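For reference, the structure discussed in these notes is given below.
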Amino acid sequence: MAGTVEKKLADLGITLPTPAPAIANYVPFVRTQNFMVVSGQLCFDAAGKLVAQGQLGAGVSIEDGQKAARACAINLLSQIKAALGDLDKVVRVVRLGGFINAASGFPDGPKVMNGASDLMVTAFGDKGRHARTTVGVSALPMNAAVEVEGSFEVA
Amino acid sequence: MAGTVEKKLADLGITLPTPAPAIANYVPFVRTQNFMVVSGQLCFDAAGKLVAQGQLGAGVSIEDGQKAARACAINLLSQIKAALGDLDKVVRVVRLGGFINAASGFPDGPKVMNGASDLMVTAFGDKGRHARTTVGVSALPMNAAVEVEGSFEVA
Amino acid sequence: MAGTVEKKLADLGITLPTPAPAIANYVPFVRTQNFMVVSGQLCFDAAGKLVAQGQLGAGVSIEDGQKAARACAINLLSQIKAALGDLDKVVRVVRLGGFINAASGFPDGPKVMNGASDLMVTAFGDKGRHARTTVGVSALPMNAAVEVEGSFEVA
């Protein structure tokens, strides 16, 4: 049975996709005691297609970047669901690290990253408010527009 | 009353600015047990103006980059002060992550980042010696020259 | 006497180099309780020479990038050996952060980063499987091709 958080997501029409397997000699998450680190998630949609490819400030719009960041956040949740069985076991979203595939000097990374942050607060309420670092990078795997990593306090 | 660390900063003419509020759906810091994660801080000065904008290796000098990194460190301290009430409650500066807005191939990120590291050791002495990762990125929020995030063991 | 992990590395012809000292006002590692954070390591070989300089996607081949990532991983191990005395005290490799010096749009960071991940699993087996974030950055210290940071659960 789905927990409270998952029901809230379902009400919003968000179904957690099958979590992406790690594509090499690493794993999607590691738990040490009550702390969980989730690997950087690309902006795949539920069909396994990248929501946006290319660079912000050079072809990808802020709106599409926000959708991409939101997709990364959904993929973080699907990894946590796979790890814990129930998203209600998340005590606190501790930190999101947002990497925006960005042309030199692109100033609006935070606007893009809000797509991920807003999803976390939608899902978890105050427990979803997190520390955050957003930077623009020259390249991301598969030329994805956004990658987001996360750490979580869990029960 | 200010603690020992804050008095040392005051002796150096450093007044902690009002901490910058998180500019979106996230928070400036999250504490889990004795571990505190502080969101990436931009190089705002006490008047709320960026100390340096643009890229190292393309217009911003190393000296100005160092001043920017130092400003980021001061802003980390002002967040910790807001979180804990007293900087003396910092047990150890665990890690700084330094993101330098850098032209392709700029080799001197560590020199720039020393502006932040030196401030931590000035403030905390040996407890201020931290693990550090410095990278050059293609873009930072508001085209700031430097962004620094931090994690801290706290009492 | 060398422990099990170090013997395995020796069998593979891998000798841990003298760990690189931190080149400024920071330290190579910080331990808090059973959690160890290691500073970003550049791709120095045992002779102290960078395995690869420059950018992936602009002169540095994926093969050379993999060798560079592997060198970073070896340097992480040499820091842990210096910290703990024995690599067998590593309980789990928690997370690697891989920073690839990359031309705009370079899509193959994960292939490069496998050089580091594979070495961790070679050394530690299942305990070496880690969470991972790989991004392409515009610049790295000394124009190194790869930098890798790590966090570890330790006994």
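Yes or no, residue by residue, for (1) of a type in the set (A, V, I, L, M); (2) under 20 Å from C:A144 (Cβ atoms); (3) within 14 Å of chain C (Cβ to nearest Cβ); (4) crowded, with 24+ Cβ neighbours inside 10 Å:
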position	(1), (2), (3), (4)
B:A71	yes, no, no, yes
B:K81	no, no, no, no
B:D88	no, no, no, no
B:V93	yes, no, yes, yes
B:A102	yes, yes, yes, yes
B:F106	no, yes, yes, no
B:P110	no, yes, yes, no
B:M113	yes, yes, yes, yes
B:D118	no, no, yes, no
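Within the group B:K8, B:K49, B:K67, which residue is of a type in the set (D, E, K, R) and under 13 Å from the mean Cα position of the chain (by Cα)? Write out each step before concluding.
Details: B:K8 fails: under 13 Å from the mean Cα position of the chain (by Cα); B:K49 fails: under 13 Å from the mean Cα position of the chain (by Cα).
Matching residue, one of B:K8, B:K49, B:K67: B:K67.
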Looking at the stretch C:15-37, which of its residues are facing chain B (nearest Cβ under 7 Å), farther than 15 Å from C:V148 by Cβ, in contact with a Ser or Thr (Cβ under 8 Å, 6 or more places away or on another chain) and hydrophobic (A, V, I, L, M, F, W, C)? C:A24, C:V27
I'd like to check something: does the stretch B:46-59 contain any residue that is farther than 21 Å from A:T134 by Cβ and crowded, with 18+ Cβ neighbours inside 10 Å? yes
Name the residues in the stretch A:120-137 that are charged (D, E, K, R) and facing another protein chain (nearest Cβ under 9 Å), would you? A:R129, A:R132
Tell me, please, whether a residue that is in contact with a Gly (Cβ under 6 Å, 6 or more places away or on another chain), part of a helix (DSSP H, G or I) and within 14 Å of C:Q41 (Cα to Cα) can be found in the stretch C:87-103. no
Six or more apart or on different chains, Cβ atoms under 7 Å: show the pairs whose first residue is in the stretch B:4-19 and of a type in the set (S, T, N, Q) and whose second is surrounded by 12 or more Cβ atoms within 10 Å (Cβ to Cβ). B:T4/B:D88; B:T15/B:A46
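Hey, could you check the stretch C:138-147 for residues that are in a strand (DSSP E or B) and within 9 Å of chain B (Cβ to nearest Cβ) and say which is farthest from A:L140 (Cα to Cα)? Reasoning before the result, please.
To start, the set of residues in the stretch C:138-147 that are in a strand (DSSP E or B) comprises C:139, C:144, C:146-147.
Now drop any that are not within 9 Å of chain B (Cβ to nearest Cβ), which leaves C:139, C:144, C:147.
Values: C:A139: 14, C:A144: 18, C:E147: 15 Å.
Among those that are in a strand (DSSP E or B) and within 9 Å of chain B (Cβ to nearest Cβ), it is C:A144.
Residues C:G98, C:G57: which one is farther than 26 Å from A:F35 by Cα, touching a residue at least 40 places away in the same chain (Cβ under 8 Å) and touching a Pro at 6+ places or on another chain (Cβ under 9 Å)?
Numbers: C:G98 fails: farther than 26 Å from A:F35 by Cα.
Within the list C:G98, C:G57, the selection yields C:G57.
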Of the conditions (1) assigned to a strand (DSSP E or B); (2) at pLDDT below 90; (3) among the hydrophobic types (A, V, I, L, M, F, W, C), A:M1 fails just one. Which one is it? (1)
Out of the stretch B:44-79, which residues are touching a Lys or Arg at 6+ places or on another chain (Cβ under 8 Å) and of a type in the set (A, V, I, L, M, F, W, C)? B:V51, B:A52, B:I62
Evaluate the following for B:G40: is it touching a residue at least 24 places away in the same chain (Cβ under 8 Å), more than 20 Å from A:G98 (Cβ to Cβ) and within 13 Å of another protein chain (Cβ to nearest Cβ)? no
Considering the stretch C:30-74 alone, what residues qualify as being out of contact with any strand residue (DSSP E or B) (no Cβ under 6 Å at 6 or more places or on another chain) and β-branched (V, I, T)? C:V51, C:V60, C:I62, C:I74
The condition from (1) farther than 19 Å from B:T134 by Cβ; (2) in contact with a His (Cβ under 9 Å, 6 or more places away or on another chain); (3) among the small types (G, A, S) that B:G85 misses is numbered (2)
Please enumerate the residues belonging to the stretch B:51-63 that are within 11 Å of chain A (Cβ to nearest Cβ) and part of a strand (DSSP E or B). B:Q53, B:Q55, B:A58, B:G59
Quick check: anything in the stretch C:107-123 of a type in the set (G, A, S), more than 14 Å from the chain's Cα centre (by Cα) and modelled with pLDDT of 95 or more? yes
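Name the single residue that is surrounded by the fewest Cβ atoms within 10 Å (Cβ to Cβ) among those in the stretch A:26-37 being under 16 Å from A:V94 (Cβ atoms) and either free of Cβ contacts under 8 Å to residues at least 24 places away in the same chain or of a type in the set (F, W, Y) (or both). Working first, answer last.
Filtering the stretch A:26-37 down to residues under 16 Å from A:V94 (Cβ atoms) leaves A:29-37.
From what's left, either free of Cβ contacts under 8 Å to residues at least 24 places away in the same chain or of a type in the set (F, W, Y) (or both): A:29-30, A:32-33, A:35.
On the way: A:F29: 22, A:V30: 22, A:T32: 16, A:Q33: 12, A:F35: 18.
Taking the candidates together, the pick is A:Q33.
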Flag for B:R70 being basic (K, R) and closer than 22 Å to B:N34 by Cβ: no
Could you please find all residues in the stretch B:112-155 being among the charged types (D, E, K, R) and closer than 22 Å to C:A102 by Cβ? B:R132, B:E147, B:E149
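The values are calculated or read from the model by the stated rules, or taken from the named source; none is laboratory data. Computed from a predicted model, the values in this text were never measured in an experiment. Every residue, glycine as well, gets a Cβ built from its backbone with ideal geometry; the counts of neighbours run over all protein chains shown.
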